[in-house]
Amino acid sequence: MSKTQRMTSIAILASCSMLLYYFKIPLPFFPPFLTLDLSDIPALIGAITMGPLAGILVQFVKNIVEYVLHGSYVGFPVGQFANFISGSLIAGLIGWFYFYRKKLDWTSYGISTLIFLAAMYALNYYFILPSIMSLLGLSMEEYTASFAQFNPMVKDMRTAVLFVILPFNLIKISMVYLIGIPFTFKLVRILQKRSVAI
């Protein structure tokens, strides 16, 4: 694949990712600001077919365009940053395993999921949630109360991340892998058949 073809493919995947980003799926028992979407799947396709960097670029373009078009409800693009990091980890990790090891197995999924959850725990606890709380001008008690009304186990920032954010992220990565990986390989087989036919 030429450089031009790669950049064109990344642009197309980023456009698909932007469209999917608008179809939010609310989850019961989670705060309304935590919603699922399928916008990480195009990045996953890019990471598996063209390498992890391609998947990260898809996420980068999606979130830059999203911020330019719609801004952020807290001013600073904390939400776009969080989406970029989480999506890049989801696509990049599994893309790395497949692109460099040429296979995916339960070890690949397990290691990718554990690294993703550990990274998102640290990012949410030390940066993302404190930044949102500060930009909104909320106290710790006010902010964690928005989590506690959906999960009574939440008492502070640590338990908010542990009992709300981490389960949400586990559902998110599971959904993307369960839907995205079979779809990606089916798409690859279709494209390979067409290239042989041509």
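Laboratory data are not the source of any read-out in this text; all were calculated from the coordinates shown. Everything numeric here is computed off the predicted structure, so don't read it as measured data. As a convention, Cβ positions derive from the backbone with ideal geometry for all residues, glycine included, and neighbour counts pool all protein chains shown.
General remarks:
- Here's the picture: charge each Lys and Arg Cβ at +1 and each Asp and Glu Cβ at -1 in the chain, and of Gly71, Ile190, Tyr121 the one pushed furthest to the positive end of that dipole is Ile190.
- Once backbone amide H atoms are built at 1.01 Å from N, Leu36 has Ile25, Leu27 as its partners under 5 Å, excluding neighbours fewer than 5 places away on the same chain.
- Linear extension gain, Asp156 paired with Tyr125, 0.36 nm per residue minus alpha-carbon span: 10.1 nm
- Computed over neighbours whose Cβ is under 15 Å from that of Ile56, the net charge equals +1, Lys and Arg +1, Asp and Glu -1.
- Cα point-scatterer Debye curve for region 111-179, base-10 log of I(q)/I(0) at q = 0.16, 0.21 Å⁻¹: -0.56, -0.87
- The slack between Lys186 and Gln149, meaning 0.36 nm per residue of separation minus the straight C-alpha distance, is 9.1 nm.
- Only helices enter this figure: runs of n ≥ 4 DSSP H residues, each worth -39500 (n - 2.57), summed and divided by the residues of the chain, yield -24000 deg cm²/dmol at 222 nm to the nearest 500.
- Distance (nanometres) between label positions extended 7 Å along Cα→Cβ at Leu19 and Leu69: 1.1
- Listed residues Tyr125, Tyr143, Tyr100, most fluctuating in the chain (Gaussian network, C-alpha, under 10 Å): Tyr100
- The chain has equivalent-ellipsoid semi-axes of 33, 18, 14 Å, by the square roots of 5 times the alpha carbon gyration tensor eigenvalues, sorted largest first.
- Each other residue within a Cβ distance under 12 Å of Leu129 adds +1 if Lys or Arg and -1 if Asp or Glu, for a net charge of 0.
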